[in-house]
Amino acid sequence: MKKKLVSALLTAAMLGTMLAGCGGDDGSTGAGAAGNADGAGSSTADGSAGTEADSAGNAENGAEIDFDEEPYEVSIQFVGLFEENNNVANVEAALNEITLKKINCTVDIVPTFIGDLPTNTSMAVAGGEKLDIVTVGLTQKMDSMVPDGLLLELDDLLAERGPAVTAVTADVAEAQKINGVTYAVSGYPYAAMGSGFVYNKTMADQYGIELHDGMTMEELGEVGETLKEHGIYLTTFGNSYQLNYKFANTLDIFGDNAIYGGLLDPANSTVIENVYDSEELRTYWKSVKAWADAGYLPSDQLTDTVSTQEYFSQQKIFGTYTGYTVNQIAVWLSPDFETGIIQVDDGLICTGTAREFMLGIASNCERPDKAMDLINLIYEDPEVCNLLQYGVEGTDYAAVDGTENVITYDGTPNADHNSYYAGFVHYGDPLKQKVIAPLDDNYYDELVAFEESADRSLCFGYSFDASDYSAEAGAISSKLQEMLPELNAGMVADVDAAVDELVAALEDVGINDVIAANQEQLDAYLGK
């Protein structure tokens, strides 16, 4: 049961990444120029460790380190599935052997249950509790944390003490800003995200099914017909009120479920549209209905409480749409069958993905300089970032023989993720992180290539200030929760009629006014 909970929650978190990826629920949209995708100063996970302090007390990063003062303990949030996390003490001890020598500090890892993250952060800052480095993104967005006064401004600290993090995140720097000020640094400096379809490769081989990149819904429907003969569903959409279209097609949306509109062609247009009133979405829903009518989807989707992740792990469905990156397959691995993934739409570099996993400094931090020293070391030192990301080798993970940087949880005390497990945080430079099998040492080149191949949204760095439209946002979200599930499940009598009804309902509660305001702000941002 615990394994199932871990699997479902981890996948839900990753789907949240896709949700925010290209226009997320933080109300932002954007893309970055890919620039030098390999990042200045980056090296692969076996690269040299971070800098040692020299005899004058200066670290090579240029920051003045006073080794005569008492070491400062830097507390850092660690978001997980449980309030307690095994083996934290051992990870802290391993980290402290490094951080004491290099930046004269110790590390206090503060486990935080993901469901309590926003509340715990707010209460800690308001109550003056010790909290230095906080997780930004996922369930607590930078756009809301800044107005609430939870984050420090970082530009001066980055200039003085953050050369490594500045270099690694250079291509997504604008995504780290609100009104021109940096408040957090990205854990996704390679921000390209596409659309994909993950599937049971063992099943595909068994039934002679071949999938390929760029596969259309019509082609997947043909797969559904083959699967139907064997009593297997193609996929399920469940009782979902999400904008599922975004998992199958690359677009850039504003707000959760495009409640503030979206860009259907973000690499070429800055015209914000009501996504729900687009021909593209109608066509998608007609394909979903065709699948439902043909019996490729479970008939009880609207009442069944079984999640898509559970259906997939139980081999009751063949696959599902998901966000696509070169390491996304690792999220969907199963001990019972081989997993495959195809890319169905182009990658897009956008602010939402860069903002999904970030590190910031709490506004009540006593020593922002030491907090920044640790953040910089996380991006600079492979050993530090991998300790935080994966824990201690031999206990929390095992190295894969014959590889340089590939690890596995199989055969370790952490096989069921009950030990140190970082499913909801991303630390440091991806080119210095180890990777989880079945990814291999080619991952680093593939990551850079995918970033360079991705389209780039024209709205990089832009955030819609929706503070004057909270009432409309609530009403729009309410209508979507009410009306989307039947469309998403393909269980409407007539798609056009159902979409017309939805669009009219959204217009009645003010979506056009919100989109107009969003367009005005975007045009001003772009200097139009």
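Throughout, read-outs are computed from the coordinates displayed, never taken from laboratory work. Treat the numbers as computed from the prediction; the structure is a model and nothing was measured. With ideal geometry, Cβ positions are generated from the backbone for all residues, glycine too; neighbour counts draw on all protein chains shown.
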Practice prompt. Compute the length gained on full extension between Ala89 and Glu338: take 0.36 nm times their separation in residues and subtract their Cα-Cα distance, giving the result in nm to one decimal.
Written response: 86.2 nm
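With +1 on each Lys and Arg Cβ and -1 on each Asp and Glu Cβ, how big is the dipole of the stretch 180-308 about its Cα centre, in debye rounded to the nearest 20? The partial results should precede the final answer.
Working: 6 positive and 18 negative charges, 65 e Å.
For the stretch 180-308, the charge dipole is close to 320 debye.
Nearest 20 debye, what's the magnitude of the dipole of the stretch 464-528 about its Cα centre given +1 on Lys and Arg Cβ and -1 on Asp and Glu Cβ?
Details: 2 positive and 14 negative charges, 48 e Å.
Around 240 debye, computed over the stretch 464-528.
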Worksheet item: Using the alpha-carbon atoms, what tilt in degrees (0 to 90, nearest 10) does helix 511-525 show relative to the longest principal axis of the chain?
Response: 40 degrees
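Give, as a single signed number, the net charge of other residues whose beta carbon lies under 12 Å from the beta carbon of Gln521, with Lys and Arg counted +1 and Asp and Glu -1. List each step's numbers first, then the result.
Numbers: positive: Lys528; negative: Asp465, Asp468, Glu520, Asp523.
Neighbour charge sum, excluding Gln521 itself: -3.
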Worksheet entry | Antiparallel bridge percentage (DSSP; both residues within the chain; nearest 5) | 65 percent
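With viscosity set to 0.890 mPa s and temperature to 25 °C, compute the Stokes-Einstein D of the stretch 72-120, Rh being the Kirkwood radius across alpha carbon pairs; µm²/s, no decimals. Present the calculation step by step, with values, prior to reporting the outcome.
Numbers: Rh = 11.5 Å.
Value of D from the Cα-based Kirkwood radius: 214 µm²/s.
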Worksheet entry | Positive-pole candidate from Ile272, Thr283, Ser313, dipole of the stretch 245-334, charges at beta carbon | Ser313
Response to the item:
To the nearest 10 degrees, the tilt of helix 217-228 (Cα long axis) against the first principal axis of the alpha carbons of the chain is 80 degrees
Worksheet item: Amide H of Ile178: which non-local residues (sequence gap of 5 or more, or other chain) have their own amide H closer than 5 Å, using H built in the peptide plane?
Response: Tyr183
Worksheet item: If amide H atoms are built 1.01 Å from N in the plane of the peptide, which residues on other chains or at least 5 residues away come under 5 Å of the amide H of Thr106?
Response: Tyr72, Glu73, Val74
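Suppose R0 equals 25 Å; then what is the FRET efficiency for Leu100 and Ala449 from their Cβ-Cβ distance, rounded to the nearest 0.05? Let's see the in-between values first.
Working: r = 39 Å, r/R0 = 1.55.
Step by step, r from the Cβ atoms, then E = 0.05.
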Discussion item. Output the 0 to 90 degree angle, nearest 10, between the alpha-carbon long axis of helix 495-508 and the longest principal axis computed from the alpha carbons of the chain.
Written reply: 50 degrees
Practice prompt. Show the residues, 5+ positions off or on another chain, whose built amide H is closer than 5 Å to the amide H of Ile436.
Written response: Ile407
Practice prompt. Would you compute, for the Cα atoms of the stretch 339-401, the largest minus smallest coordinate along each principal axis and list the three values in descending order, in whole Å?
Written response: 47, 36, 18
Worksheet item: Which three lengths, in whole Å and largest first, does the stretch 233-381 cover when its Cα atoms are put on their principal axes?
Response: 61, 45, 28
Fill in: Assigned charges on the beta-carbon of Lys, Arg, Asp, Glu; the chain dipole about Cα centre (debye)
820 debye
Worksheet, complete the sentence: Of 115-121, 349-355, 210-216, ordering from highest average Cβ density within 10 Å down gives 349-355, 115-121, 210-216
Worksheet entry | Hz values of 3J(HN,Hα) by residue in the stretch 242-259 - Karplus curve (6.51, -1.76, 1.60), Gly and Pro given as x | 8, 7, 4, 3, 5, 7, 9, 9, 7, 8, 10, 10, 10, x, 4, 6, 6, 5
Worksheet item: Over the Cα atoms of the stretch 242-286, Rg to Rh with Kirkwood Rh, two decimal places?
Response: 0.91
Worksheet, complete the sentence: Computed from every Cα-Cα pair in the stretch 100-156, P(r) in 5 Å bins starting at 0 and rounded to whole percents is 4, 15, 27, 24, 16, 9, 6, 0
Worksheet item: Per the Kirkwood definition applied to all pairs of different Cα atoms, how many angstroms is the hydrodynamic radius of the stretch 254-322?
Response: 14.6 Å
Worksheet item: If one computes the Cα centroid of the stretch 233-248 and of the stretch 347-394, what distance in Å separates the two points?
Response: 32 Å
Worksheet item: Applying the Karplus parametrisation 6.51 cos²θ - 1.76 cosθ + 1.60 with θ = phi - 60° to the phi angles of the stretch 442-458, what ³J(HN,Hα) value in whole Hz is obtained for each residue in order, glycine and proline being reported as x?
Response: 6, 3, 5, 5, 5, 4, 5, 5, 5, 4, 6, 8, 6, 6, 10, 4, 7
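Taking the Cβ of Asn96 as the center, what net charge do the other residues with Cβ under 10 Å away carry, scoring Lys and Arg +1 and Asp and Glu -1? List each step's numbers first, then the result.
Details: positive: Lys101; negative: Glu73, Glu92, Glu97, Asp108.
Summing Lys and Arg as +1 and Asp and Glu as -1 gives -3.
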Worksheet item: Which length gain, in nm to one decimal place, applies between Thr216 and Met123 when the Cα-Cα distance is subtracted from 0.36 nm times their residue separation?
Response: 28.7 nm
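Which whole-number percent gives the relative contact order of the stretch 297-448, counting Cα pairs below 8 Å spaced six or more residues apart? Can you show the working numbers first?
Working: 130 pairs, mean separation 31.3, N = 152.
Rounded, it is 21 percent for the stretch 297-448.
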Worksheet item: Taking θ as phi - 60°, what are the ³J(HN,Hα) couplings along the stretch 463-475 by the Karplus curve (6.51, -1.76, 1.60), each to the nearest whole Hz, with x for Gly and Pro?
Response: 10, 7, 7, 9, 4, 8, 10, 5, 5, 5, 4, x, 5
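Around Ala493, with a cut-off of 12 angstrom between Cβ atoms, what is the net charge of the other residues, counting Lys and Arg +1 and Asp and Glu -1?
Values: positive: Lys289; negative: Asp293, Glu486, Asp494, Asp496, Glu501.
Net charge in that neighbourhood comes out at -4.
What FRET efficiency comes out for the pair Asp205/Lys286, r = Cβ-Cβ distance, R0 = 30 Å, nearest 0.05? The partial results should precede the final answer.
Values: r = 31 Å, r/R0 = 1.03.
Efficiency computed from Cβ-Cβ geometry: 0.45.
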Discussion item. Among [x] 60; [y] 43; [z] 47, only one was calculated for this model; which label is it, if the read-out is percent of Cα pairs over 32 Å apart?
Written reply: [y]
Worksheet item: Dividing the alpha-carbon radius of gyration of the stretch 160-289 by 2.2 N^0.38 Å (N being the number of residues), what value is obtained?
Response: 1.40
Worksheet item: Considering the stretch 421-528, what Rg and Dmax in Å follow from its alpha-carbon atoms?
Response: 20.8, 53
